[in-house]
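Here is the structure we will look at.
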Amino acid sequence: MSEESTTVTHPFLDLAPLSAEHFAAVEDRVARLMNTSASQDVVIMQGEALLPLEGAIRGTAGPGTVALNVITGPYGQTFGDWLRDCGATVYDLAVPFHTAVTAEQVRAAFAEHPDIDFVSLVHAEAATGNTNPVAEIGAVVREHGALFYLDAVASIAAEPVLPDAWGVDLCVIGAQKAMGGPAGVSAVSVSERAWQRMAANPQAPRHSYLSLLDWKQRWIDGGRTALLHAPAQLEMLALEACVERIESEGLDALMARHASAAAATRAGTLALGGGLEPYVHEAKDAAPVATTLRAPAGTDARELVAKALAVDPVLPLVAGGGALAAEMIRVNHYGPQATRGVVQSSLAALGGALAEAGFAVDLEGARKAVAAAWV
Ligand SMILES: *Cc1c(COP(=O)(O)O)cnc(C)c1O
């Protein structure tokens, strides 16, 4: 190696250390994005959102827990598995993926099992394209005094997320969807009640990467002056840049972009025809973060997506996961992809793939419907 090459600084590698003060400042900005007041602590976790999602369940659940686990997509299934693994009694409330759960269904579950003291819910599901009425459900959960756990990874920055106003005790977010940020760090807001539940839980992880209590005791209670371990520096800088970008666009404008993308994808799909349909039946149940479509009978979603991507490989199109792979197409119009151009090109490419397969499609009608629905 030449002498010069060893002295060239690299933008990712040769960074000044990230201080505890800087870490806390990013944490505060994320807290502002989550609209939390002093009644909640926001903790940044140094891993993808599955880390606080699992840490919050293992921290609060144990053999004495009676949980209502709402399943509106694949993540709800996972939360039920973790809860059972903690020894909790779990009542699953599963609704078809093409719809949303209602507050009445949650109320009925409490009536049937009055001892429920924990409710887990996914706000929006990027994997199935639905979104749940958290404000109304939160009111029911509060009436019964249960602890309320919410996965808001796919809703944050795409639609309002108000943990304080909704009485959410544990609200987990990630930056990789609508925020358009890094996937390697995440955050959770924790209410005083949730901290108490964890402190009283002998099974809560302690001295563990999954432990929220470690962050409470060693970071928050210590005045946020010393970090538990080396900060994930690149991810923290990316998170800070991402929050700065959201602040300069405005959170409301960013959410409006996602609402337009979802409405336009839905309207464009209906106008396109060719047997392609919105997967979520009612627009009010459809998530702003991503729109799921049902491939026409007799086609395979994976083949349609592959044909569309062959025309335009940068489009955010993907076939559904697992059992949904053959029938579902996901249009992941989130973050920087929440634009009219992306929606237009996505429907044009899918329309082209359908036309090639012999379906009658109205490309011009779809184009006009997208333009008209974009507000
Ligand atoms: C995307 C997402 C996550 C994070 O999961 P990844 O697959 O790692 O991106 C968690 N919960 C929900 C509801 C999500 O949509």
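The values are calculated or read from the model by the stated rules, or taken from the named source; none is laboratory data. Note that the coordinates shown come from a computational prediction; the quantities given were computed from them, not determined experimentally. Backbone-built Cβ (ideal geometry, glycine too); neighbour counts: all protein chains shown. Side chains are part of the model used for accessible areas, which takes the heavy atoms of the whole protein and leaves out ligands, DNA and RNA. Shrake-Rupley method; radii C 1.70, N 1.55, O 1.52, S 1.80 Å.
You will find that of Val318, Val343, the residue that is open to solvent by less than 10 Å² (accessible area, probe 1.4 Å) and either at pLDDT 95 or above or on the phi > 0 side of the Ramachandran plot (or both) is Val343 and no other. Taken residue by residue, region 219-232 has no member that is farther than 30 Å from Asp14 by Cα and crowded, with 24+ Cβ neighbours inside 10 Å. Does region 48-95 hold any residues that are among the aromatic types (Phe, Trp, Tyr) and in contact (Cβ under 8 Å) with a residue 60 or more places away in the chain, and which are they? If the condition is that a residue be among the aromatic types (Phe, Trp, Tyr) and in contact (Cβ under 8 Å) with a residue 60 or more places away in the chain, then Tyr75, Phe79 are the ones that fit.
Taking Val43 as the residue in question, decide whether it is open to solvent by less than 10 Å² (accessible area, probe 1.4 Å) and more than 16 Å from the ligand (Cβ to nearest atom). Considered against the rule, which asks whether it is open to solvent by less than 10 Å² (accessible area, probe 1.4 Å) and more than 16 Å from the ligand (Cβ to nearest atom), Val43 comes out as yes. Here Tyr91 does not qualify as within 18 Å of the chain's Cα centre (by Cα) and open to solvent by 40 Å² or more (accessible area, probe 1.4 Å). Evaluation of Val305 against the conditions (1) crowded, with 21+ Cβ neighbours inside 10 Å; (2) modelled with pLDDT under 95 shows that the sole unmet condition is (2).
Of the residues making up region 76-92, those that are within 20 Å of Val153 (Cβ to Cβ) and at pLDDT 95 or above are Thr78, Phe79, Gly80, Asp81, Trp82, Leu83. Among residues that are crowded, with 22+ Cβ neighbours inside 10 Å, in a helix (DSSP H, G or I) and within 11 Å of the ligand (Cβ to nearest atom), Gly76 is included. Just to be sure, is Gly59 assigned to a helix (DSSP H, G or I), within 16 Å of the ligand (Cβ to nearest atom), of a type in the set (Gly, Ala, Ser) and closer than 30 Å to Arg218 by Cα? No; evaluated as a whole, the condition is false for this residue. Filtering region 94-126 to residues that are among the hydrophobic types (A, V, I, L, M, F, W, C), under 24 Å from the mean Cα position of the chain (by Cα) and open to solvent by 20 Å² or more (accessible area, probe 1.4 Å) leaves Ala94, Phe97. So is Ala187 under 29 Å from Ala16 (Cβ atoms), open to solvent by 50 Å² or more (accessible area, probe 1.4 Å) and in contact (Cβ under 8 Å) with a residue 40 or more places away in the chain or not? No. Quick check: is even one residue across region 285-298 in a helix (DSSP H, G or I), open to solvent by 40 Å² or more (accessible area, probe 1.4 Å) and touching a residue at least 40 places away in the same chain (Cβ under 8 Å)? Within region 285-298, not a single residue is in a helix (DSSP H, G or I), open to solvent by 40 Å² or more (accessible area, probe 1.4 Å) and touching a residue at least 40 places away in the same chain (Cβ under 8 Å).
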